[in-house]
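These notes concern the structure reproduced below.
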Amino acid sequence: MPSYRPDIFAQRLGDSGCVVEQIAVEAEIPSTLFSEHTSEQLLKMEEFIVEQKRKKIRVRGYLIIPRGKVPRNHASLVLSGLFPDGTRIQIVQAGQ
């Protein structure tokens, strides 16, 4: 994962030491949702999720945003614009 650095990354190992599950998280404030950096990070996250799925490793991807209707709508617009066919990245609002 040299080119993708999520804000938070964790993994769970099985008894044999193999990776069983991973979590990648991007946290954004409303003013950075439409930035080029955020778009790049989300594209890299989706690419990472797809690649890990090929390796049969379960990955959960999250975009954490502040509470509120406007940030939620903006985050949905960003994801639908980047991934018109859908994405595995889930939007989570802080405090949920």
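Taking the stretch 46-87 as the range and being open to solvent by less than 70 Å² (accessible area, probe 1.4 Å), closer than 30 Å to Gly14 by Cβ, part of a helix (DSSP H, G or I) and touching a strand residue (DSSP E or B) at 6+ places or on another chain (Cβ under 8 Å) as the test, the residues that pass are Glu46, Phe48, Ile49, Gln52. A search for C-beta distances below 6 Å between a residue of the stretch 73-92 that is within 19 Å of Arg60 (Cβ to Cβ) and any residue that is open to solvent by 40 Å² or more (accessible area, probe 1.4 Å), counting only pairs 6+ apart in sequence or on different chains, returns Leu79/Thr87; Gln90/Tyr62; Val92/Tyr62; Val92/Ile64. If you go through the stretch 1-23 and keep only what is under 17 Å from Glu46 (Cα atoms) and either modelled with pLDDT of 95 or more or open to solvent by 50 Å² or more (accessible area, probe 1.4 Å) (or both), you end up with Met1, Pro2, Ser3, Arg5, Asp7, Ile8, Phe9, Ala10, Gln11, Glu21, Gln22, Ile23.
The values are calculated or read from the model by the stated rules, or taken from the named source; none is laboratory data. Because the structure is predicted, anything quoted here is derived from the model rather than measured. Don't worry about glycine lacking a Cβ; one is built from the backbone with ideal geometry, like all the others, and counts go over all protein chains shown. Protein only, heavy atoms only, side chains kept; ligands, DNA and RNA dropped before computing areas. Shrake-Rupley method; radii C 1.70, N 1.55, O 1.52, S 1.80 Å.
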